[in-house]
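Colleague: My questions all concern the structure below.
The values are calculated or read from the model by the stated rules, or taken from the named source; none is laboratory data. Because the structure is a prediction, the values reported are computed rather than measured. Using ideal geometry, Cβ is built from the backbone for each residue, glycine included, and neighbour counts are taken over all protein chains shown. The accessibility values were calculated without ligands, DNA or RNA, using every heavy atom of the protein model including side chains. Shrake-Rupley method; radii C 1.70, N 1.55, O 1.52, S 1.80 Å.
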Amino acid sequence: MTPDAISAQLRLDRALDALTVTFRGMTARSDETQCTCHWGDEEELALLKIPDVELDPDLLRRTWDAPDWDDHGAVLRRILPQFGRELVAGRVEPLFGFEMVGTSFMRGEWTQWPRQQSDAVWEFLHAWWSRTLLDPDPAVPAHELLALCAEAAGTFTPWLDVWETHQHPVADRHLALTVEVWEYELLGDALPFSTWHDDEDTLRTELSTWLARYAPARLRACGASAELQHRVRLIGLSGPARWEDPHYPVRAY
């Protein structure tokens with residue numbers, strides 16, 4: 001492990017510890033309810049009203065994934081210490097994509113929590129993101145985590161700013177894989193993951209503009225194929241300039 005990766009890991013360890021300290025003793029509201037037919041039974045619901053009790057993996061999944069809590073923020077604060085550890089370890093498997101985890105954070109309105117609490121979440125996400133960019137084989141792929149963070153925060157900018165600071169071959173390879181996985185949707189002017197935010201076009205433009213500006217040099221540095229380099233160039237174009245380009249892929253978008 002490189003010195004940068006060691007530093008990033010220590011930062012992530014501290015951020016996970018901070019989640020535990022900050023959210024220790026949190027519970028769901030005493031009057032919180034949930035559908036016993038589709039979510040779980042009363043005994044499972046009662047566990048959310050007891051602080052610091054570990055939940056089994058299935059109950060944890062149903063808890064963060066449920067869209068209809070009366071107070072989603074309180075429920076999220078209750079599970080965050082355990083949830084954070086499980087996320088980093090790669091033991092959380094969303095049904096459709098990690099943007100679903102970001103949506104859970106968004107529903108919890110975490111940016112509006114008291115300063116100490118929102119700061120702890122912010123630092124956790126940043127520390128996890130930084131560590132991932134320096135990990136050759138992260139438990140959660142970088143593009144999946146980027147979708148989570150962008151959905152949670154409603155913006156790509158802070159996460160892309162971090163990527164720019166990581167002038168590292170591992171971070172460059174993650175960038176190449178992200179372009180490879182997402183170029184189809186972006187060339188079709190679509191965000192490459194589902195979002196609950198109303199400003200989907202703004203998010204897509206934010207990402208596409210950054211990729212067109214920043215990615216070419218990084219793709220060349222990591223030896224990405226000429227085809228992939230052309231694709232990221234095309235992402236920065238629009239209209240006839242894109243689809244009339246000789247390198248525009250011959251397939252329907």
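Colleague: Of the conditions (1) farther than 23 Å from Ala147 by Cα; (2) loosely packed, with under 15 Cβ neighbours inside 10 Å, Glu44 clears all except one; give me its number.
Modeller: Among (1) farther than 23 Å from Ala147 by Cα; (2) loosely packed, with under 15 Cβ neighbours inside 10 Å, the lone unmet condition for Glu44 is (2).
Colleague: A further question on this structure: Applying the selection to region 205-253, what residues are part of a helix (DSSP H, G or I), among the charged types (D, E, K, R) and touching a helix residue (DSSP H, G or I) at 6+ places or on another chain (Cβ under 8 Å)?
Modeller: Correct list: Glu206, Arg218, Arg220, Arg231, Arg233, Arg242.
Per-residue answers, yes or no, for (1) open to solvent by less than 50 Å² (accessible area, probe 1.4 Å); (2) free of Cβ contacts under 8 Å to residues at least 12 places away in the same chain; (3) within 20 Å of Arg107 (Cα to Cα):
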residue	(1), (2), (3)
Arg11	no, no, no
Gln34	yes, no, yes
Leu60	yes, no, yes
Trp64	yes, no, yes
Asp68	no, no, yes
Ile79	yes, no, yes
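Colleague: Follow-up. Of the numbered conditions (1) part of a helix (DSSP H, G or I); (2) open to solvent by 20 Å² or more (accessible area, probe 1.4 Å), Ala190 fails exactly one; give the number of that condition.
Modeller: Result: Ala190 passes all but (1).
Colleague: Moving on to the next point. Considering region 193-204 alone, what residues qualify as being open to solvent by 20 Å² or more (accessible area, probe 1.4 Å) and in a loop (DSSP other than H, G, I, E, B)?
Modeller: If the condition is that a residue be open to solvent by 20 Å² or more (accessible area, probe 1.4 Å) and in a loop (DSSP other than H, G, I, E, B), then Ser194, Thr195, Trp196, His197, Asp198, Asp199 are the ones that fit.
Colleague: Pairs please, first residue from region 139-164 and modelled with pLDDT of 95 or more and outside any helix (DSSP H, G or I), second anywhere and open to solvent by less than 10 Å² (accessible area, probe 1.4 Å) and not hydrophobic (A, V, I, L, M, F, W, C), Cβ atoms under 7 Å, 6+ apart in sequence or on different chains.
Modeller: Val140/Thr132
Colleague: Does region 99-119 hold any residues that are open to solvent by 10 Å² or more (accessible area, probe 1.4 Å) and either closer than 14 Å to Gly84 by Cβ or in a helix (DSSP H, G or I) (or both), and which are they?
Modeller: Selection gives Glu99, Met100, Met106, Arg107, Thr111, Gln112, Arg115, Gln116, Gln117, Ser118, Asp119.
Colleague: Please pick out the residue among Leu45, Leu19, Leu55, Leu59 that is under 30 Å from Val162 (Cβ atoms) and modelled with pLDDT of 95 or more.
Modeller: Only one candidate qualifies: Leu19.
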